Amino acid sequence: MDPEIRVVQCGGSRLNYRRPLVSADSKYLLCVSGDSIKVFSTVTEECIHVLWSHRDLVTGIEFNPNNPLQLYSCSLDGTIKLWDFIDGILIKTFHIGYKMFSLYSSKHDTVFVIAENKDSSENFQLLSIKLPKSTEQECEAKNLTILFADVNQSPKSTAVGRNGEYIVTVKALCLFIYFKNEKLSRFSLSSSSKKGANNTFTVVTCHPTEDCIATGHKDGRIRLWRNFNHKQDYTYSTLHWHHDSVADLAFSAEGTILFSGGVESVLVQWSHSLEHKREFLPRLGGAIQHIATSSDGSLLCTSHVDNKITIIDANLKVSGIIQGLLKGRDVKTGLLVDPRSKALVLNGKPGHLQFYSLHDDKHFYNLDIVQQEFVNQAGLQHIELVKAAFNAKGNWLTTVEELKRNETSHLEVQMKFWEYVDKLQSFVLNTTINWPHEDQISSLSFKTGSDSDKDVPTLVTTGNDGLFKVWVLEDNSDIYLTWRAQFNALVLQPDSVSENIAAFTFSSGSSTMFIFNPVDPEPLYVHTNVCSSCVRWAVFVPRSIPEVLPLASLKWLSKSRLYFLTENQDLMTFSTKSTEEMLTPLSKQLAPEESLPFTPFFALLERKRQQIQLEKDRGGNMPLDKSSLASCKVQESFAVKELLQTPAHVLPPAAILCSLFVNSLLISQEHTSGEQDGKDLDLESDKTEEGSDGELIGNTESQHPILTGDSYTTSLKLLKSEEKELRRFRRKDFAWVSSKFIL
């Protein structure tokens with residue numbers, strides 16, 4: 001006979017599907033997990049037993065009120081089973097014939113279940129089932145009573161009070177109470193209050209010893225109902241802290257404390273006697289779905305939306321966490337297998353990868369990929385983990401993250417390489433690459449083949465930009481491919497056109513410059529006593545034309561020049577040429593071309609230089625002849641005229657022009673000796689005094705030169721009065737002007 005092939009749930013079942021249970025001695029925690037029930041140790045958090053027998057999803061578990069070591073369970077397979085959960089033994093199976101969605105126990109061998117309504121697939125009914133006392137391991141339970149024909153399917157919408165004395169169920173805005181004497185009470189709330197509160201029921205629970213019912217509502221309020229035995233006199237008080245729906249409520253074993261939880265990930269503890277006194281256990285890591293307490297009051301536990309159960313002691317401190325397969329919003333990475341641990345790897349918490357053991361059906365750990373705090377708020381954009389890949393040996397992991405902003409089409413992409421570290425037993429971030437492609441990465445895969453240690457991890461990525469890229473690991477772990485120099489460098493300046501680096505140090509009153517190449521710890525060039533000041537800044541300036549230098553130690557100057565600035569703001573540089581050689585090209589550039597005319601200043605200075613040179617040639621004792629002196633005076637007079645017409649901003653310094661300018665304005669006397677000069681002046685004076693003021697004297701010669709091209713003339717006719725005035729000026733000595741004139 002061929003074996004039957006059927007689909008079974010092999011792992012990763014929800015641990016938060018139904019409210020968990022804590023044993024009376026607080027040693028064990030039990031929860032449904034698919035079509036099985038798991039028994040965990042509250043101390044080691046390890047799974048001790050898995051109770052297998054149901055052939056469909058287990059929908060509810062309850063302790064046997066008459067024996068705390070036994071457990072009832074119901075399933076969609078239509079059976080209720082009784083277990084010895086300590087030894088993991090199935091005691092009895094009761095066939096009900098209905099698909100059941102929740103289970104509630106009482107001390108009178110009676111259980112209550114929410115079961116399907118065979119007459120209406122949309123409605124669910126609350127049944128009371130009397131379990132038969134039989135020695136057979138399997139039996140049918142035929143004693144069924146329908147208490148309510150239309151109830152809410154949620155297990156948190158129904159509760160049993162005082163061990164079966166009454167049962168409470170809520171739906172929408174109505175609360176129903178069914179008493180053991182078959183009395184039924186109904187209470188209704190308005191849909192909303194004047195303040196806009198939503199009064200819809202979300203959860204109900206009963207006090208273990210008193211006639212008190214606690215209900216949670218969608219607006220975050222909690223109501224405590226009392227005196228409901230007398231419908232006309234019932235009262236309720238209101239508690240409020242939660243800003244959203246109340247997810248679950250649970251009384252402590254003695255009923256002195258009420259616990260509540262919701263989307264805030266905060267467990268709230270309310271004092272039953274002082275209802276407005278509360279304590280908090282915040283940051284539980286996920287929205288709370290269920291709360292359960294132990295009968296001895298030493299432990300309680302909460303289950304969360306991320307498939308996690310948190311064990312909490314009586315002091316409101318977390319003592320353990322049992323993590324199931326995380327139920328992420330979207331498994332964008334797909335299903336991966338870690339080659340090292342054979343664990344299933346996929347998206348977990350937002351921005352995390354989870355590693356889950358398929359063999360043990362156990363969560364290993366989370367790897368934080370995005371490494372950013374997740375804020376659960378509507379409208380916020382978060383970085384999403386979209387792809388991941390392992391290499392063949394499992395010692396390298398690559399992940400891809402994306403962040404897309406709604407207001408723009410801008411997409412941010414990061415690719416990260418993670419290396420497995422044996423000492424830490426985890427992956428450690430090795431490299432982050434921003435924008436590995438111009439668009440989204442469509443796929444990525446490591447090179448497969450040999451697993452030898454010498455193989456270099458090679459990754460291939462393809463993108464929506466139409467390209468594929470190959471990524472290869474570059475080994476930079478060799479500490480000898482590097483070097484270190486021991487000195488106090490005040491300035492480090494790299495050369496942009498070469499691999500050279502300049503370093504400046506200062507000690508013993510002078511600066512020293514080193515030129516290094518990154519591949520060699522020995523400096524290419526060292527220059528001591530660069531300057532007496534401390535060098536603060538430096539820069540390499542590329543040359544327009546590289547310079548050819550014969551020595552290898554000077555080749556660092558061939559492509560660029562190094563300028564540096566001292567603390568005294570002195571700008572300096574290094575050069576192989578003298579100052580004159582450096583300035584010669586500049587002087588050639590600034591020299592006027594031969595074809596350009598000389599300026600008046602050049603004519604003035606050049607004629608003076610020629611006059612001085614001529615006197616030197618004659619020994620300094622022989623006076624200039626009359627024609628040479630006249631020639632200089634003519635040129636100087638012309639230069640003076642041009643000088644007065646030249647713009648001031650192009651004139652030479654005043655110290656140079658002062659004496660020359662004043663001398664050019666003076667008329668020198670022509671003589672050979674002091675005595676002859678005096679006689680001639682007296683004679684000329686006597687002769688001139690004889691003439692009348694109106695006569696013309698034709699024999700008189702004036703020594704004022706007039707420039708006419710390359711020649712000059714000196715014969716001019718003067719009036720007698722003009723000649724007399726001229727002689728009077730000639731007798732005066734103006735030497736003091738040339739020697740003491742100050743501009």
> Name the GluC sites (Glu not before Pro) in the stretch 19-89 that are in a loop by DSSP and that have at most 15 other C-beta atoms within 10 Å, would you?
Replying inline: E46
> Fully extended, how many nm does the chain gain between N434 and Q381 (0.36 nm per residue separation, minus their Cα-Cα distance)?
Replying inline: 17.2 nm
> Relative to the present Cα-Cα distance, how much length would full extension add between E140 and K180 at 0.36 nm per residue of separation?
Replying inline: 12.0 nm
> Of Y17, Y420, which has the most accessible area with a 1.4 Å probe, and how do the rest follow in descending order?
Replying inline: Y17, Y420
> Within the stretch 522-558, whose backbone N sits under 20 Å from a point 7 Å along Cα→Cβ of L565?
Replying inline: 530-543
>> How charged is the neighbourhood of L467? Take every other residue with its Cβ under 11 Å from the Cβ of L467, and add Lys/Arg as +1 and Asp/Glu as -1.
In response: -2
>> What does the extension gain come out to for V460 and E210, with contour length at 0.36 nm per residue minus their alpha carbon separation?
In response: 83.2 nm
>> I want the local charge near G297. Using Cβ-Cβ distances under 12 Å, sum +1 for each Lys or Arg and -1 for each Asp or Glu among the other residues.
In response: -4
>> Can you compute the modelled spin-label distance between V331 and S357, with each label point 7 Å from Cα toward Cβ, in nm?
In response: 2.0 nm
> Of all the accessible heavy-atom surface of the stretch 38-187, with the other protein chains kept in place and a 1.4 Å probe, what percent is carbon and sulfur?
Replying inline: 47 percent
> At a Förster distance of 35 Å, what's the computed FRET efficiency of H527 paired with L481, Cβ-Cβ distance as r, to 0.05?
Replying inline: 0.75
>> Give me the one-decimal nm value for the distance between modelled label points at D84 and L173, 7 Å along each residue's Cα-to-Cβ direction.
In response: 5.3 nm
>> Give me the net charge for the shell around V268: Cβ to Cβ below 9 angstrom, other residues only, Lys and Arg +1, Asp and Glu -1.
In response: -1
> Rounded to the nearest 0.05, what FRET efficiency is calculated for S273 and E45 with R0 set to 45 Å and r the Cβ-Cβ distance?
Replying inline: 0.85
> Measuring from label point to label point, each 7 Å out along Cα→Cβ, what is the C658 to V539 span in nm?
Replying inline: 4.1 nm
> How many angstrom lie between the C-alpha centres of the stretch 253-307 and the stretch 500-515?
Replying inline: 69 Å
> From the Cα gyration tensor of the stretch 280-376, with a ≥ b ≥ c the square roots of its eigenvalues, which class applies: rounded if a/c is under 1.5, or else prolate if a/b is larger than b/c, or else oblate?
Replying inline: prolate
>> I'd like the carbon and sulfur percentage of the solvent accessible area for the stretch 287-413, probe radius 1.4 Å, heavy atoms only, ligands and nucleic acids excluded.
In response: 49 percent
>> For a Förster distance of 60 Å, can you work out the FRET efficiency between the beta-carbons of L424 and V497, rounded to the nearest 0.05?
In response: 0.85
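The values are calculated or read from the model by the stated rules, or taken from the named source; none is laboratory data. Since the structure is predicted, the reported quantities are computational estimates derived from the model, not experimental observations. When we count neighbours, we look across all protein chains shown, and the Cβ atoms used for this are built from the backbone with ideal geometry, even at glycine. To get the accessible areas, we keep the full protein, side chains included, count just its heavy atoms, and leave off ligands, DNA and RNA. Shrake-Rupley method; radii C 1.70, N 1.55, O 1.52, S 1.80 Å.
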